[in-house]
Amino acid sequence: MYWLMAAAVGAAGGASMEAVDIIKAIKWHRQMPWNVQSDTIDPPQRRADVRPGEERLPAPGWKAYWFAGLLRLFVSGTLTGAVAAAYPQSTNPLVALLIGLGALSAVQHMTTLVPLMVKSVGRAALGGVVEEAQQQSQALQQTGQQPAPAQSAGAPPEQLMGRPSGGNPQPDTGVASQQDPTGGGGAA
């Protein structure tokens, strides 16, 4: 399936989800959702995601709802088009529609995972430095050579990687030097 056609079908899936949300809001409040004011919701309950004073905000109006709907169509179409461009043989109209239906939820979940992925990449980078130093040490032991004094267990990472320090300490701005080796993520 061509990616542009898949993006259009995905946007139709996003429009379907938007229509379902509006239908549920109309059934619940008995009026259009953009006319619902926060203080008219019975009973006005305090939620954790509402800051003090937000419960008395005016209704958002139809422009805000249309803009949010257009953004949902954009997200659904973009994600579906990207998947169709990456996997053209696997994408058919049903798959494109299903991706469009769940695109907003998928993007929300992906954005919550970004800090975890960054932390994981940082740990992997630190692990790569340690693994390389261990491999160099094993290679020296197999050839029968003694490791240089700079390659002892207490040596800085520059010397473990084979980079001469020259007696002048150079600032290391790498991710591995800024993380705690115990995995706490703090600066060293």
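If you take the residues of the stretch 84-104 that are farther than 19 Å from F74 by Cβ and outside any loop (DSSP other than H, G, I, E, B), which of them is most open to solvent (accessible area, probe 1.4 Å)?
Here the residue is L94.
Listed here are the residues, each with its yes/no results for (1) open to solvent by 90 Å² or more (accessible area, probe 1.4 Å); (2) at pLDDT below 85; (3) in contact with a Leu (Cβ under 9 Å, 6 or more places away or on another chain); (4) not acidic (D, E).
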{"position": "W34", "(1), (2), (3), (4)": "no, yes, no, yes"}
{"position": "D39", "(1), (2), (3), (4)": "no, yes, yes, no"}
{"position": "D49", "(1), (2), (3), (4)": "yes, yes, no, no"}
{"position": "G53", "(1), (2), (3), (4)": "no, yes, no, yes"}
{"position": "P58", "(1), (2), (3), (4)": "yes, yes, no, yes"}
{"position": "W62", "(1), (2), (3), (4)": "yes, yes, no, yes"}
{"position": "W66", "(1), (2), (3), (4)": "yes, no, no, yes"}
{"position": "G69", "(1), (2), (3), (4)": "no, no, no, yes"}
{"position": "F74", "(1), (2), (3), (4)": "yes, no, no, yes"}
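Checking the conditions here, which among V75, V83, V107 is under 9 Å from A6 (Cβ atoms) and either of a type outside the set (A, V, I, L, M) or in contact (Cβ under 8 Å) with a residue 24 or more places away in the chain (or both)?
V83
The values are calculated or read from the model by the stated rules, or taken from the named source; none is laboratory data. In this text the structure is predicted, and so the values were computed from the model without any measurement. All Cβ positions, even for glycine, are placed from backbone atoms using ideal geometry, and neighbour counts span all protein chains on display. When the accessible area is computed, the model is the full protein with side chains, heavy atoms only, and any ligands, DNA or RNA have been set aside. Shrake-Rupley method; radii C 1.70, N 1.55, O 1.52, S 1.80 Å.
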